[in-house]
Amino acid sequence: MSAILKATNINKIYDEGAVSTQVLTGLDLTVSAGERIAIVGTSGSGKSTLLHLLGGLDTPTSGEVWLHGQLLNSMNET
């Protein structure tokens, strides 16, 4: 099956003044057509951050998110 969603080496760091918080480190994820997944983890583990990145609502500090073979960062809002 082909990948409809692919995240490669995703890193997300939130910088707030002198404090940097690394939320995701080197995350790789591939979701194929017809596949169902669950994102689970403890509070503060980065689940919502990951979903925001996969949905194109936020951008990773580094790494790439692809949707149907197109890089999300290269897409516009329309």
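A few points about this structure:
- SER20 meets all of the listed conditions (1) among the polar types (S, T, N, Q); (2) farther than 21 Å from SER74 by Cβ; (3) exposed (fewer than 10 other Cβ atoms within 10 Å of the Cβ) but one, namely (3).
- Options GLY26, GLY56; residue that is within 13 Å of the chain's Cα centre (by Cα), surrounded by 11 or more Cβ atoms within 10 Å (Cβ to Cβ), on the phi > 0 side of the Ramachandran plot and of a type outside the set (S, T, N, Q): GLY56
No value in this document is a laboratory result; all are computed from the given coordinates. This structure is a prediction, so every number in the text was calculated from the model and none was measured. We place every Cβ from the backbone using ideal geometry, glycine too, and count neighbours over all the protein chains shown.
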